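In what follows, a structure is listed as structure tokens, so that the remarks can point back to it.
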Amino acid sequence: MLSRIANQRLAKSFSKIQFIFADMNWDEIATDHVGIYIHVPFCEQLCAFCPFHKVVYREEFKALYLQAIEKEIHRRGVRGKVEWVYIGGGTPNLLTPQEIGRILGALRKHVDLANIGMEGNPLQFTPTYLQQIRELGVEKISTGVESLKPDTLKHVNRAKADEAHIQSIVNFAKDLGFTVNVDLMVGLPKQSNQDFLFDVDRVGAIDPQQITTYPFMEIPGVRVTPEMDSRNMFNLIEQAGEILETYGYFRENVWVFSKTKHIYDSARDELVIDYLGFGPAAFSKVGESQMVNPPLALYLDMLQNGKAYAFQTTVDEASEYWRKFAHELYNLRLDPNVIQRLPRSIKIVLALLKLAGNVNGQHVTAKGRFFVHDLTKTVVESLPFPVNNPSAISNYEEYEKRLASAKSLLLKKESTAEPEKTPLTQTTNF
Ligand SMILES: C[S@@+](CC[C@H](N)C(=O)[O-])C[C@H]1O[C@@H](n2cnc3c(N)ncnc32)[C@H](O)[C@@H]1O
């Protein structure tokens, strides 16, 4: 009961956010200590579980995208001390190392980069690829294995990577000095409890420095429905923890098991400092302002025409505190310096969580881990991603009109180009 109230209170503080789609003046955004997120919106095929912004890969889209993102980086400029860079997607390793180098090169004209991470599909990582991105300064990679079971993957339209390939990529990457994370998912349709535990055991044996076990979340945009409830997913993640302990992993937070402190943690990265996002549908957060770039067709149009618009919102102080608190819980350890600064209303919730046995001193208890898992999942499922989410945009009609016109311009370009294997009209979300 108590847990449910705290859960709802937190989820509400995230989901009430409304965006306005409007012209954007990036010069007014002042920041001196930033993370940089680069979104690469291409995939060979579209996995049914994935809610992120992406289109089916096409050579000519990629060329337009690269021109646009370089322009965006130069036009917006990047200021401040960069703490981390994360290239996410989509499937960033559908770009060649030279193309990744173009993007990093554009950023390096403005700032010194640090702590560069990149995600990618295991199928597109090869020894040469890894060697070349390492030379560009990439230090961390994260790869989505999701499952090793062909039936589970087929059901969600995802191509399977062989275990031997994954093993060789992980070994090679570690030898090159990368920190490697592997993502697994639990609760995919047609995936049994045993299937997931089998995957955990195999990936533990493969020995990346970090393994993330994501519960399948029903975020708007996913095209399959979870068949497993949150409690069952949690129990399986707990069992995964026991298996991974035998391989030498410790629990880093509610879903991440690690052998290193040099970990990937997008939740930490995005909550602790301001970050600037580049590329279609990329999020930026500076102080209380949150901005989201338009989706691909409108993003290309905007940069070709020297315009700047974004979905914009303000995160109020109270929500910001709730976020900080949620993040402490997610880490399973509460930092007294952060807790001390929280307002009374949150301290009362914390006291109640202690009374209910979810938190003991500065630690989330075994009982509390379910609360944190369920809370994080609810929060992520109720985050308002504005792209394709009319209810999160106060002036949706205006946005829709601009998007429709940008799409038709892109379609016109396509009709004058050579016929292609995958017509634009079969890609989604663009
Ligand atoms: C942005 S995706 C990129 C994956 C990358 N394209 C690849 O093929 O490896 C990053 C991770 O998010 C996780 N993910 C995607 N959709 C999810 C969902 N609906 N619920 C939970 N985790 C999800 C997956 O584990 C995935 O590896």
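Please treat every number below as a calculation from the coordinates, not as lab data. Everything numeric here is computed off the predicted structure, so don't read it as measured data. Neighbour counts run over all protein chains shown; Cβ positions are idealised from the backbone, glycine included.
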Approximate spin-label separation residue 408-residue 239, in nm, with each point projected 7 Å along Cα-to-Cβ = 5.5 nm
Calculated [θ] (222 nm, deg cm²/dmol) that DSSP helices of n ≥ 4 give over the chain, each run adding -39,500 (n - 2.57) | -13500 deg cm²/dmol
Using a Förster distance of 30 Å, how high is the FRET efficiency between residue 23 and residue 59, based on the Cβ-Cβ distance and rounded to 0.05?
-> 0.40
Taking the Cα atoms of segment 279-410, report the difference between the largest and smallest coordinate on each principal axis, in whole Å and largest first.
-> 59, 25, 23
Between residue 227 and residue 198, what FRET efficiency follows from the Cβ-Cβ distance if R0 is 30 Å, with the result rounded to 0.05?
-> 0.95
Once the Cβ-Cβ distance between residue 335 and residue 112 is put in as r, and R0 is 22 Å, what FRET efficiency do you end up with, to the nearest 0.05?
-> 0.20
What are the lysines whose alpha-carbon lies under 27 Å from the alpha-carbon of residue 401, with same-chain residues fewer than 8 places away excluded?
-> 16, 54, 62, 71, 285, 307, 412, 413
Please give the contour-minus-distance gain from residue 394 to residue 205: 0.36 nm per residue of separation, less the Cα-Cα distance, rounded to one decimal in nm.
-> 63.1 nm
Whole-Å distance, taken between Cα centres, linking segment 225-243 and segment 112-142 = 30 Å
Segment residue 289-residue 165, extension gain: residue separation times 0.36 nm, minus the distance between their alpha carbons | 40.4 nm
Highest-fluctuation residue, 291, 217, 24 considered, GNM on the chain with Cα pairs under 10 Å | 24
How far, in nm, would the chain grow between residue 135 and residue 345 when pulled straight, counting 0.36 nm per residue and subtracting the alpha carbon separation?
-> 70.7 nm
Per the Cα gyration tensor, segment 172-248 corresponds to an equivalent ellipsoid with semi-axes, largest first in Å, of 25, 15, 9
Write down the percent of antiparallel bridges among all DSSP beta bridges whose residues are both part of the chain, to the nearest 5.
-> 35 percent
Based solely on C-alpha atoms, express the radius of gyration and the Dmax of segment 18-270 in angstrom.
-> 18.6, 54
Based on the inverse mean of 1/r over its pairs of different Cα atoms, what is the Kirkwood hydrodynamic radius of the chain, in Å?
-> 22.5 Å
What spacing in nm lies between the two simple spin-label points modelled at residue 261 and residue 126, each 7 Å away from Cα in the Cβ direction?
-> 3.9 nm
